[in-house]
Structures are given as C-alpha cells and as structure tokens.
Amino acid sequence: ERTGSSKDEL
Amino acid sequence: MNIFRLAGDMTHLASVLVLLLKIHTIKSCAGISLKTQELFAIVFLTRYLDLFTNFISIYNTIMKLIFLGSSFSIVWYIRRHRVVRRSYDKDQDTFRHFFLMWPCLILAIFINEKFTLKEVMWTFSIYLEAIAILPQLVMLQRTRNIDNLTGQYIFLLGAYRAFYILNWIYRYFTEEHYVHWITWVAGVIQTLLYGDFFYYYFQSWKNNVKLELPA
C-alpha cells in the first residue's frame, strides 16, 4: 500500500 | 500498517491502560502529573478533529476514541474523583503548563503543511505532544521516588515514541511521497526527552534495584 500520508497515524 | 507502527500503538495503549489500572484499582494518582494529562487531553482533542469527517479504518477510529476517552477520564479522575484526587501531589506539580501552549500555537500558525484551521490544529497537537511530558518529568525529578506503575507508564510512553521513529524510517523506504519534516522533528525531540529517564530505568532494571532519579 503506497499512501504516504502521516494522517493515518495516531 | 507495519510492525513498528503496531508496536508503537500497542505500547501507547498499554501505557494508558497501566495508568488507568493504577488510578482505578489502587485509587491513587501519586506521582502522576495532572498538567501532563491535561496537555495530552488537549493534544488528542485538537488532533482528532477529523474523527467523524475523515475515515481511515475501523482500527484508527477505535484507537482515536480510546485515546480521547482515556485521556479525559484520567483528567476527570484526578480532578473530581472523591478518593483519587486526595492522592494528587499538587505541591509537586507546579509547572505552568498552559504557557507551553502559546509557542506551540504560534509555531503551528507559521510552520504547517497547509494553512487551514484543521491543519493548523493538527500541527499544534504534534508540537504540543512533543513537550507535553515535561511537567511529568519535572515532577519525577522532584519526587525522585517512583513507584513501579508510574515508572512503567513513562517507560511505555517513551517506547511508543521510539517505535514511531522506526515506523517512519520503515515508511520512508517503502512508501512514495513519505516525507514529513514536521512530525519527524517534533517526534525526535519528544523521544529525546525520554532519554534521561530511559537511562535510569535500564540501570535500575539491570541492577535489579528500585528506580530512583538522582537529585
């Protein structure tokens, strides 16, 4: 999965 | 989701559970800084503004709800609970914590990835989380005597940050467009703050003696 977003972290 | 990220989230979750366990079963918050707990509650509140508008996964939503719920209930316990609040060492917890919020807010207004309310609040939460542990560390330094659960709580929090750095390194090499200077710099600073504590924690563990910080 290549999303590259830190918004999926908590 | 990689193994480092999962380990980071699990140690974070464990830290919260250890603290709730201490408060709920022993009915004591001795050695715990209310100031740090209030800052964590503000961190989660400002970071998860997109809780209901930006769906990522069931896992993410549940974890966000757990962190929001636990941080606010910990603050409630220390401030309002009939028994727990009596164990709060108010005199040792004198850090002017709300003053930490201004530099974070100003920094977030000027240094962010996008100038929107949600993005600035998210960035603010990243900066604030980096230094939210300071009142707790100051309190530890003052009381010096640290009970097992408090020691484990802070150790798990530090472990969570260390795993997140490994997670970023992993993601940097495996994902495209994964460069996030703001979270990285704030995250590294946050992890470094635990360095001193880690040192004494491992010393006490290695020598099998009670954890005590030097004066």
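The values are calculated or read from the model by the stated rules, or taken from the named source; none is laboratory data. Predicted, not measured: the structure shown is a model, and the values here were computed from it. Because the Cβ atoms are built from the backbone with ideal geometry, glycine has one as well, and the counts that use them run over all protein chains shown.
Considered as a group, the residues in region B:1-27 that are within 11 Å of chain A (Cβ to nearest Cβ) and crowded, with 19+ Cβ neighbours inside 10 Å include one that is nearest to the chain's Cα centre (by Cα), and that residue is B:12.
When B:98, B:40 are checked against the criterion of being closer than 20 Å to residue B:127 by Cα, more than 14 Å from chain A (Cβ to nearest Cβ) and assigned to a helix (DSSP H, G or I), a single residue qualifies: B:98.
When only residues in region B:113-137 that are among the β-branched types (Val, Ile, Thr) and under 15 Å from the mean Cα position of the chain (by Cα) count, which is farthest from residue B:15 (Cα to Cα)? Result: B:126. More than 14 Å from chain A (Cβ to nearest Cβ), at negative phi and surrounded by 19 or more Cβ atoms within 10 Å (Cβ to Cβ): does that describe residue B:136? Judged against the criteria, residue B:136 is a match. Number of residues in region B:95-112 that are of a type in the set (A, V, I, L, M, F, W, C), within 19 Å of the chain's Cα centre (by Cα) and either surrounded by fewer than 12 Cβ atoms within 10 Å (Cβ to Cβ) or at positive phi (or both) equals 3. Scanning region B:50-79 for residues being of a type in the set (Lys, Arg) and either buried (at least 16 other Cβ atoms within 10 Å of the Cβ) or in a loop (DSSP other than H, G, I, E, B) (or both) gives a total of 1.
Has region B:82-94 got at least one residue that is among the hydrophobic types (A, V, I, L, M, F, W, C) and either part of a helix (DSSP H, G or I) or surrounded by fewer than 16 Cβ atoms within 10 Å (Cβ to Cβ) (or both)?
Taking region B:82-94 and keeping what is among the hydrophobic types (A, V, I, L, M, F, W, C), we get B:83-84.
Filter once more, so that each one left must be either part of a helix (DSSP H, G or I) or surrounded by fewer than 16 Cβ atoms within 10 Å (Cβ to Cβ) (or both): B:83-84.
Checked against the condition, which is being among the hydrophobic types (A, V, I, L, M, F, W, C) and either part of a helix (DSSP H, G or I) or surrounded by fewer than 16 Cβ atoms within 10 Å (Cβ to Cβ) (or both), region B:82-94 yields at least one hit.
What tally of residues in region B:175-206 results from selecting those that are part of a loop (DSSP other than H, G, I, E, B) and at pLDDT 90 or above?
Of region B:175-206, the ones part of a loop (DSSP other than H, G, I, E, B) are B:175-180, B:194.
If we keep only those that are at pLDDT 90 or above too, we end up with B:175, B:179-180, B:194.
Selection size over region B:175-206: 4.
As a summary of the residue check, residue B:119 satisfies the conditions (1) within 14 Å of another protein chain (Cβ to nearest Cβ); (2) in contact (Cβ under 8 Å) with a residue 40 or more places away in the chain; (3) in a helix (DSSP H, G or I) except for the one numbered (2).
So which residues in region B:46-69 are touching a residue at least 60 places away in the same chain (Cβ under 8 Å), closer than 18 Å to residue B:131 by Cα and not basic (Lys, Arg), if there are any at all?
Of the residues in region B:46-69, the ones touching a residue at least 60 places away in the same chain (Cβ under 8 Å) are B:46-47, B:49-50.
Now restrict to residues that are closer than 18 Å to residue B:131 by Cα: B:46-47.
Hit for region B:46-69 is B:46, nothing else.
Across region B:170-203, the qualifying residues are those that are among the aliphatic types (A, V, I, L, M) and touching a residue at least 60 places away in the same chain (Cβ under 8 Å), and the one among them that is surrounded by the most Cβ atoms within 10 Å (Cβ to Cβ) is B:186.
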